[in-house]
Amino acid sequence: MAQRETIPAFIDEEHDGIDALTENIQRKDLDPLDIATRIQRYVDDGMSKSAIAAELGYSPSYVSNHLKLLSLPHPSPRWYVRARVPT
């Protein structure tokens with residue numbers, strides 16, 4: 001290891017949960033149900049769907065469609081996400 005006691009770093013004080021969600025969506029490591037659950041947290045905190053959409057950089061229909069997943073009867077949301085609807 002280098003014999004350094006400090007490293008150059010930048011701390012973004014304005015980086016918040018919405019920024020983290022946006023980054024995770026862009027990396028595509030979240031499935032639609034995970035996205036919906038995280039969006040629902042912002043709705044529960046009083047944020048409007050259009051404000052969430054604007055913060056994420058997506059359309060209001062993107063937010064609404066993801067939230068619709070949460071209203072599907074159990075276990076339909078997981079089947080939808082896995083694209084495995086039982087026959």
Which ones in segment 46-64 are in a loop (DSSP other than H, G, I, E, B) and either free of Cβ contacts under 8 Å to residues at least 24 places away in the same chain or hydroxyl-bearing (Ser, Thr, Tyr) (or both)?
Gly46, Met47, Ser48, Tyr58, Ser59
Per-region count, segment 28-45, residues more than 11 Å from the chain's Cα centre (by Cα) and in a helix (DSSP H, G or I):
2
Filter result for Thr6 (modelled with pLDDT of 75 or more, not in a loop (DSSP other than H, G, I, E, B) and not acidic (Asp, Glu)):
no
Identity of the residue in segment 33-49, exposed (fewer than 14 other Cβ atoms within 10 Å of the Cβ) and either touching a strand residue (DSSP E or B) at 6+ places or on another chain (Cβ under 7 Å) or modelled with pLDDT under 95 (or both), that ends up farthest from Leu72 (Cα to Cα)
Asp45
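The values are calculated or read from the model by the stated rules, or taken from the named source; none is laboratory data. Just so it is clear, the structure is predicted and the values come from calculations on it, not from any experiment. Neighbour counts run over all protein chains shown; Cβ positions are idealised from the backbone, glycine included.
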